[in-house]
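> What follows is a single structure, and I will ask about it in a moment.
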Amino acid sequence: MVTWSPKLALYAAFAGASFLTALALGRPELAALGAPFALVLVVGLALPPPPQVRAILQPARQRAVEGEEIDAELVVSAISPAHDLQLALLLPDGIRALGGAGSLLLRVEPGRDRTLPLRLDCAHWGAHRVGTLLLRSRDLAGLRVLDSRITGNTVVRVYPRPQQLQSLVAPAETQPFAGNRVARTKGEGIEFAGIRPYLPGDRARRINWRASAARQTLYVNQQHPERNSDVIIFLDTFAEARRQDAGTLDLAVRAAASLAGHYLATRDRVGLVGFGGVVRWLAPSSGATQLYRIVDALLETEIVFSFAWKGVDVLPARSLTPQALVIALSPLLDERSVAALLDLRRRGFDLVVVDISPLAFSAQPRDPDTLAAMRLWQLWREAQRFGYERLGVAVAEWDGQRPLAEVIEEVRAFRRFARYSSA
């Protein structure tokens, strides 16, 4: 849209005031003061209007990991000469332009594209839409201004940087597919499970000659087969505690991406359930393609407020496969998610809860009443965790200040102690 510049209004006001004063006082020499400004207006308005400018931002790649920098090119073109073209690059919160390239002053020749190299810093995970530009061009006299906005359609997916995990929570049961986990059943495999008497049809290479010689009859070795497991990452999206640019959902997404990558690397099948105002799910699968599916789904995760009561019955049957390990990432702030996790445990699922602590994102109490309320809330959360532990569910709190690997080790220690106590 073409608008008048403040320069035009100032020149018109000064020329008009000079002419009116000369007419009122009968002194024509005063009109000579405004004549140059009137001449600029006449000549300037006769010039071509501000040029139409087109610009596009082209990132070198559309996938990156947090902390990486990607190259991009800003291509600007104009039909007629563009003098003193002002350009502002509007970037989302998770991406920054390095070197002060967010605001530029350019000169573009007609019929020639001007390409500007840029460097973008991927500071925060998310699916970021880039390429939105604000342009301001003027005519040669600077009397008319054309402001335009170009909406970008390029999406740059910035993935959370995965955390290093030395070990993982081992599922209690395995699936009938080949993998890296030693099954408790006996069959074809590598790990030694025991011996049994020889039966017709057994392979000769499985004969245990030492045991056979000691017992004067043939015995064969038995092995544990190598199988994979199903792991379901249960992401609570009912509510979050947030402070400035970080919150419990941010930590949960980072933990989910790290866990999914490591479990898929061990040839397990991994699925995702987003349980909140909007229910999203991915059926368990394996491979690099599944990792991209999960991470892309995590990038679109958001808190959707809803007052409708939801239980695990709303989830499709194949989103929670039998004998799967369910790793819940939840701040335990909403009663619906707390009840859903208890329901999963009562249905026999192998459940682990990582409590994404909201305490790190809450304001520090300053008066005695607020301090007492905070203490009661902490006690209530401890009682919640104790209720899970009574059902044999490992619960570990994570505030983002310590590595996720320490939380996983806490869970593993609890599960080892629980198995030892039950034995």
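The values are calculated or read from the model by the stated rules, or taken from the named source; none is laboratory data. Source: prediction; values computed, not measured. Reconstructed Cβ throughout: ideal geometry from the backbone, glycine too, with neighbour counts over all protein chains shown. In case anyone asks, the SASA skips ligands and DNA or RNA and just uses the protein heavy atoms, side chains included. Shrake-Rupley method; radii C 1.70, N 1.55, O 1.52, S 1.80 Å.
> Going residue by residue through region 162-184, is there one that turns out to be within 30 Å of HIS83 (Cβ to Cβ) and surrounded by fewer than 14 Cβ atoms within 10 Å (Cβ to Cβ)?
No, the conditions are met nowhere in region 162-184.
> ARG210 is checked against (1) among the basic types (Lys, Arg); (2) farther than 27 Å from ALA418 by Cβ; (3) crowded, with 16+ Cβ neighbours inside 10 Å and fails just one. What number does that condition carry?
Here ARG210 meets the rest and fails (3).
> Exactly one condition in (1) open to solvent by 40 Å² or more (accessible area, probe 1.4 Å); (2) in a strand (DSSP E or B); (3) at pLDDT 90 or above is not met by LEU291; state its number.
(2)
> Let me ask you something else. Any residue at all in region 129-138 that's open to solvent by 30 Å² or more (accessible area, probe 1.4 Å) and under 30 Å from the mean Cα position of the chain (by Cα)?
Yes, some residue in region 129-138 is open to solvent by 30 Å² or more (accessible area, probe 1.4 Å) and under 30 Å from the mean Cα position of the chain (by Cα).
> Would you confirm whether any residue within region 403-418 is at pLDDT 90 or above and not in a helix (DSSP H, G or I)?
Checked against the condition, which is being at pLDDT 90 or above and not in a helix (DSSP H, G or I), region 403-418 yields at least one hit.
> Taking PHE386 as meeting all but one of (1) part of a loop (DSSP other than H, G, I, E, B); (2) exposed (fewer than 12 other Cβ atoms within 10 Å of the Cβ), write down the number of the exception.
PHE386 satisfies all of (1) part of a loop (DSSP other than H, G, I, E, B); (2) exposed (fewer than 12 other Cβ atoms within 10 Å of the Cβ) except (1).
> If you don't mind, another one. Across region 218-240, what is the total count of residues that are open to solvent by less than 20 Å² (accessible area, probe 1.4 Å), more than 25 Å from PRO200 (Cα to Cα) and at pLDDT 85 or above?
The number of residues fulfilling the criteria is 10.
> If you take the residues in region 161-188 that are outside any loop (DSSP other than H, G, I, E, B) and within 18 Å of ARG412 (Cα to Cα), which one is modelled with the lowest pLDDT?
The residue in question is VAL182.
> To continue, here is another question. Residue check: is ARG144 at pLDDT 80 or above and in contact with a Pro (Cβ under 6 Å, 6 or more places away or on another chain)?
yes
> Counting only residues that are free of Cβ contacts under 8 Å to residues at least 40 places away in the same chain and farther than 18 Å from ILE408 by Cβ, give me the strands (runs of 3 or more DSSP E) lying completely in region 204-279 with at least 1 of them.
It comes to 219-224, 269-276.
> When you scan region 113-136, how many residues do you find that are under 18 Å from GLU73 (Cβ atoms) and assigned to a strand (DSSP E or B)?
The number of residues fulfilling the criteria is 15.
> Looking at THR151, is it β-branched (Val, Ile, Thr), at pLDDT below 90, loosely packed, with under 15 Cβ neighbours inside 10 Å and outside the structural domain of GLY400 (by TED's automatic domain parsing)?
So THR151 fits the description; yes.
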